[in-house]
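Structure in structure tokens, see below.
The values are calculated or read from the model by the stated rules, or taken from the named source; none is laboratory data. Every value quoted in this text rests on a predicted model; they were computed, and no experiment measured them. Cβ placement follows ideal geometry from the backbone for every residue including glycine, while neighbour counts extend to all protein chains displayed.
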Amino acid sequence: MTLEHVALWTENLNGLKDYYCNFFKGNANELYRNLKTGFESYFISFDSGARLEIMQRPGIPANLNDRKTKQHIGLIHLAFGMESKEAVDQMAQKLSSNGFEILRGPRTTGDGYYEFETLDPDGNRIEVIFKN
């Protein structure tokens with residue numbers, strides 16, 4: 001069994017697509033659009049086989065959680081694996097130099113991951129990790 005995909009609502013469909021394609025080497029399909037409902041989406045595929053669906057539709061309420069400083073019940077982060085510690089460091093530098101705040105790290109966690117945390121353009125928590 002595999003996890004087929006994870007889906008996120010957004011108010012910035014093209015900006016979020018560009019973020020995951022440019023920084024995390026995702027490949028987006030063509031825009032799906034339902035003119036009757038106003039629903040639009042992209043599936044972004046990654047080399048590992050994982051997919052992320054990003055969706056937009058009028059009337060979806062804002063997320064009121066403070067995702068930067070507080071935890072909450074439900075989906076809390078997406079983790080992207082890298083091939084080395086150096087690759088984690090390089091990604092932290094790349095995101096930081098493009099204006100994305102690094103919340104914590106890079107650091108080695110108690111369970112042996114080398115990682116940092118950041119937020120995507122919508123404030124979704126992202127971990128970039130390497131595990132020996």
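Looking only at segment 1-10, filter to residues that are loosely packed, with under 12 Cβ neighbours inside 10 Å and not charged (D, E, K, R); which one of those is nearest to Gly59 (Cα to Cα)? Talk me through it step by step, then tell me what you get.
Initial filter on segment 1-10 (loosely packed, with under 12 Cβ neighbours inside 10 Å): 1-4.
The next check asks that each one be not charged (D, E, K, R); those that pass are 1-3.
Details: Met1: 34, Thr2: 31, Leu3: 28 Å.
Restricting to residues being loosely packed, with under 12 Cβ neighbours inside 10 Å and not charged (D, E, K, R), the top hit is Leu3.
Sticking with this structure for a sec: Taking segment 107-128 as the search range and keeping residues that are surrounded by fewer than 20 Cβ atoms within 10 Å (Cβ to Cβ), over 25 Å from Ala62 (Cα atoms) and in contact (Cβ under 8 Å) with a residue 12 or more places away in the chain, which one is nearest to the chain's Cα centre (by Cα)?
Among those residues, the one meeting the criterion is Tyr113.
Confirm whether Leu52 is under 20 Å from Glu11 (Cβ atoms) and modelled with pLDDT of 95 or more. Lay out the reasoning, then the answer.
Numbers: under 20 Å from Glu11 (Cβ atoms): yes; modelled with pLDDT of 95 or more: yes.
Yes: the conditions hold for Leu52.
So, in segment 96-110, how many residues would count as being part of a loop (DSSP other than H, G, I, E, B) and not acidic (Asp, Glu)?
Taking segment 96-110 as the starting set, the residues that turn out to be part of a loop (DSSP other than H, G, I, E, B) are 98-101, 109-110.
Pick out the ones that are also not acidic (Asp, Glu) and you get 98-100, 109-110.
Summing the residues that are part of a loop (DSSP other than H, G, I, E, B) and not acidic (Asp, Glu) in segment 96-110 gives 5.
Related question: Might you check whether a residue that is at pLDDT below 95 and either under 23 Å from Gly99 (Cβ atoms) or surrounded by 11 or more Cβ atoms within 10 Å (Cβ to Cβ) (or both) occurs anywhere in segment 11-31?
Pass one, segment 11-31, residues at pLDDT below 95: 11-12.
Still in the list and also either under 23 Å from Gly99 (Cβ atoms) or surrounded by 11 or more Cβ atoms within 10 Å (Cβ to Cβ) (or both): 11-12.
Yes, segment 11-31 contains a residue that is at pLDDT below 95 and either under 23 Å from Gly99 (Cβ atoms) or surrounded by 11 or more Cβ atoms within 10 Å (Cβ to Cβ) (or both).
Within segment 28-39, does at least one residue satisfy the condition of being more than 11 Å from the chain's Cα centre (by Cα) and of a type in the set (Lys, Arg)? Even if it seems obvious, please write down each step before you answer.
Taking segment 28-39 first, the residues more than 11 Å from the chain's Cα centre (by Cα) are 28-39.
Now narrow it down to the ones that are of a type in the set (Lys, Arg): 33, 36.
Looking for residues that are more than 11 Å from the chain's Cα centre (by Cα) and of a type in the set (Lys, Arg), one finds at least one in segment 28-39, hence yes.
Conditions tested, residue by residue: (1) outside the structural domain of Pro121 (by TED's automatic domain parsing); (2) at negative phi.
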site	(1), (2)
Ala28	yes, yes
Asn34	yes, yes
Glu40	yes, yes
Ser48	yes, yes
Lys94	no, yes
Gly99	no, no
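Can I ask one more? Just the residues that are loosely packed, with under 14 Cβ neighbours inside 10 Å and among the charged types (D, E, K, R), please, taken from segment 32-46.
Once the filter is applied, which keeps residues that are loosely packed, with under 14 Cβ neighbours inside 10 Å and among the charged types (D, E, K, R), segment 32-46 yields Arg33, Lys36.
Among the residues in segment 83-95, are any assigned to a strand (DSSP E or B) and at pLDDT 95 or above? Lay out the reasoning, then the answer.
The first filter runs over segment 83-95 and keeps only residues assigned to a strand (DSSP E or B), leaving none.
For segment 83-95, residues assigned to a strand (DSSP E or B) and at pLDDT 95 or above: absent.
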